[in-house]
Amino acid sequence: MRLALLGTGILGNAIAERILTQGHSLTVYNRTLSKTKNLAEKGAIVVETASEGISQAEGVLVVLSDASAVEEVILSGGENFLEGKTIFQMSTISSMESINLQKKVYQLGGEYLECPVLGSRKEALAGELLVMVGATQEKFDKWQSTLRILSKEPKRIGKVGKAAALKLALNHLIAVHAVGFSLSLGMVQKNEIDVEIFMEILRKSALYAPMYDKKLDNWIKQSYSNPNFPAKHLLKDVELVLREAKEKDMTTEVIAAIQSIYKKAIEKGFAEKDYSAVFEVIK
């Protein structure tokens with residue numbers, strides 16, 4: 001099957017590399033052409049417009065920053081523009097945004113699966129992303145071989161909207177863990193307690209999360225370059241979580257506070273840095 005990928009940011013670029021290393025042909029599009037150079041060198045066909053990329057493929061993977069960007073690239077054609085095409089919507093968007101996108105894709109003659117993922121560049125390159133799928137069982141079964149390029153065990157969550165909501169629930173934990181650990185680490189440092197003693201006890205407890213060690217070097221060295229998940233993108237996701245919680249009549253004080261903290265991180269110049277830079281606000 002001919003594949004196209006729209007959006008070659010940190011995650012999209014790694015997904016494209018994975019597809020190419022598995023022997024599949026791939027057409028790629030990104031608004032910033034320079035971000036596709038490494039993929040062209042690996043054999044990808046680079047196009048200058050999203051519509052050109054879509055026209056050359058049967059399966060179109062979309063890995064963009066938000067729902068408006070997704071709409072801009074996949075709804076750019078006229079009647080029957082997406083006929084014979086299947087959109088794999090992999091961006092982190094809200095459940096209602098995904099449901100609305102599905103309707104618009106259908107109106108243009110296409111098929112739609114929401115396929116948000118958990119994991120970043122390392123997992124994408126290894127084909128070990130956690131892929132959550134919102135689709136009918138029939139469509140999920142139909143596209144298993146494509147999904148397994150990226151994941152050892154793609155999981156169907158339910159109908160469209162369910163996987164998008166689950167992805168937000170999981171990304172909420174990224175923000176919560178980062179803020180919570182930043183406060184704890186700050187307390188340890190300000191009380192002049194050995195950080196390794198703190199970590200030794202934490203690792204043996206039920207409180208431990210692998211993220212803490214994954215990002216520990218960032219926090220200790222206060223270095224947040226080469227992000228696998230920039231702070232600005234996590235803020236966007238936090239705001240989606242806040243909206244989702246309000247719509248479901250849930251308590252929002254905690255997530256609203258986390259939103260405020262990440263806004264401060266952006267204001268301090270950490271938008272393009274790793275989300276662990278929130279430590280600079282907390283401490």
> Given Glu239, Glu244, Glu272, which one is touching a strand residue (DSSP E or B) at 6+ places or on another chain (Cβ under 7 Å) and surrounded by 13 or more Cβ atoms within 10 Å (Cβ to Cβ)?
Replying inline: Glu272
> Looking only at region 162-190, which residues are over 22 Å from Thr136 (Cβ atoms) and touching an Asp or Glu at 6+ places or on another chain (Cβ under 7 Å)?
Replying inline: Asn171
> Would a scan of region 74-88 turn up a residue that is closer than 30 Å to Ala245 by Cβ and modelled with pLDDT under 95?
Replying inline: yes
> Which condition number does Tyr29 fail, the rest of (1) touching a residue at least 60 places away in the same chain (Cβ under 8 Å); (2) buried (at least 23 other Cβ atoms within 10 Å of the Cβ) being met?
Replying inline: (1)
> Residue check: is Glu17 charged (D, E, K, R) and open to solvent by 70 Å² or more (accessible area, probe 1.4 Å)?
Replying inline: no
> So which residues in region 116-168 are under 22 Å from Glu247 (Cα atoms), touching a residue at least 40 places away in the same chain (Cβ under 8 Å) and open to solvent by less than 50 Å² (accessible area, probe 1.4 Å)?
Replying inline: Pro116, Val160, Gly161, Ala163, Ala164, Ala165, Lys167, Leu168
> How about region 75-93: which of its residues are open to solvent by less than 10 Å² (accessible area, probe 1.4 Å) and either over 19 Å from Lys35 (Cβ atoms) or free of Cβ contacts under 8 Å to residues at least 12 places away in the same chain (or both)?
Replying inline: Leu82, Thr86, Ile87, Phe88, Gln89, Ile93
> Consider Gly180 against the criteria (1) surrounded by fewer than 21 Cβ atoms within 10 Å (Cβ to Cβ); (2) among the small types (Gly, Ala, Ser); (3) not in a helix (DSSP H, G or I): it satisfies all of them except one. Which criterion is unmet?
Replying inline: (3)
>> Can you say whether Asn218 is outside any helix (DSSP H, G or I) and in contact (Cβ under 8 Å) with a residue 12 or more places away in the chain, as far as the supplied structure shows?
In response: no
> Which of the residues that make up region 203-213 are in a helix (DSSP H, G or I), free of Cβ contacts under 8 Å to residues at least 12 places away in the same chain and surrounded by 12 or more Cβ atoms within 10 Å (Cβ to Cβ)?
Replying inline: Arg203
>> within 22 Å of Val238 (Cβ to Cβ), over 15 Å from the mean Cα position of the chain (by Cα) and open to solvent by 10 Å² or more (accessible area, probe 1.4 Å): is that true of Met96 in this structure?
In response: yes
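The values are calculated or read from the model by the stated rules, or taken from the named source; none is laboratory data. For clarity, every value in this text was computed on a predicted model and none was experimentally measured. Ideal geometry is used to build each Cβ from the backbone, glycine not excepted, and the neighbour counts take in all protein chains shown. SASA here: full protein model, heavy atoms, side chains in, ligands and nucleic acids out. Shrake-Rupley method; radii C 1.70, N 1.55, O 1.52, S 1.80 Å.
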